[in-house]
């Protein structure tokens with residue numbers, strides 16, 4: 001079998017991850033030589049940030065720059081810029097990092113300590129191996145991989161949208177034969193479609209309560225700013241990203257304000273969460289704006305999609 005992400009390429013670093021905090025890809029990080037701390041990997045976050053529980057035990061200082069706007073599912077806030085310092089993941093680090101402090105998650109047993117965002121991830125070609133539960137970081141300029149059997153690819157386009165946020169990455173997802181543009185948001189534990197997307201799909205899907213966990217409180221969506229909204233669970237007969245597919249999968253219909261913030265609220269749109277992505281190995285190739293999807297992980301192959 002050919003090696004990924006490129007023939008013979010060696011990773012810059014390799015680190016384990018686990019699925020924790022009710023569905024997030026979680027890694028260990030060191031902050032200013034202290035730790036390890038739990039950080040969630042969030043491809044929908046433009047900036048690496050820490051939570052209040054970490055700030056409470058560290059002497060972070062305010063940075064001499066304007067506040068930073070941070071998007072949540074339910075709202076967007078401008079937060080003070082903070083000198084966090086050095087954040088190390090594996091043997092790679094953000095040096096002298098300026099980020100924000102996010103409020104701790106509420107109504108949960110525990111909160112992670114931080115979020116690894118696109119400002120870190122886009123420096124690399126990122127291979128998330130769902131079989132080995134490892135993340136391998138490669139030189140982002142490595143050539144595009146030659147794919148083994150069972151792998152496929154789709155365009156992952158950088159988009160500045162209509163907001164003052166930094167660039168996010170979107171793909172096209174096939175939901176029951178309809179093409180829906182989506183952001184890959186590993187910071188969302190469940191996949192969200194807006195109601196314009198739901199209307200496009202409605203003739204071929206059905207809705208109802210689900211016994212599966214989506215967000216931490218079922219159909220209640222809570223975000224980093226402690227707001228809570230109600231979503232509508234929807235069962236999609238088939239979802240495809242490249243050649244990877246999921247059958248009878250529950251997503252959440254919700255006109256999340258983030259869609260309006262990004263200027264996509266007047267068209268069908270979605271956020272693809274870890275509920276889909278964690279079942280497969282995949283590669284973010286930011287240089288070539290390509291998402292590579294592997295077959296369903298062997299540890300998940302016996303489960304339902």
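The values are calculated or read from the model by the stated rules, or taken from the named source; none is laboratory data. Bear in mind that the values here come from a model prediction, so they are computed numbers and not experimental data. All Cβ positions, even for glycine, are placed from backbone atoms using ideal geometry, and neighbour counts span all protein chains on display.
Numerical summary
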| item | result |
| --- | --- |
| Within region 158-197, considering residues that are at pLDDT below 90 and touching a helix residue (DSSP H, G or I) at 6+ places or on another chain (Cβ under 6 Å), the one nearest to residue 264 (Cα to Cα) | 163 |
| Pair list, Cβ under 7 Å, 6 or more apart: region 94-107 residue outside the structural domain of residue 119 (by TED's automatic domain parsing), other residue at pLDDT 85 or above and surrounded by fewer than 18 Cβ atoms within 10 Å (Cβ to Cβ) | none |
| Number of positions in region 213-255 that are at pLDDT below 50, in a loop (DSSP other than H, G, I, E, B) and closer than 21 Å to residue 195 by Cα | 3 |
| Failed item, numbered, when residue 114 is tested on (1) surrounded by fewer than 22 Cβ atoms within 10 Å (Cβ to Cβ); (2) over 16 Å from residue 242 (Cβ atoms); (3) in contact (Cβ under 8 Å) with a residue 60 or more places away in the chain | (1) |
| Strands (runs of 3 or more DSSP E) enclosed by region 22-126 - at least 1 residues per element that are farther than 29 Å from residue 282 by Cα | 34-41, 68-71, 76-79, 82-89, 92-99 |
| Set 68, 40: member being modelled with pLDDT under 95, in the same structural domain as residue 108 (by TED's automatic domain parsing) and buried (at least 21 other Cβ atoms within 10 Å of the Cβ) | 40 |
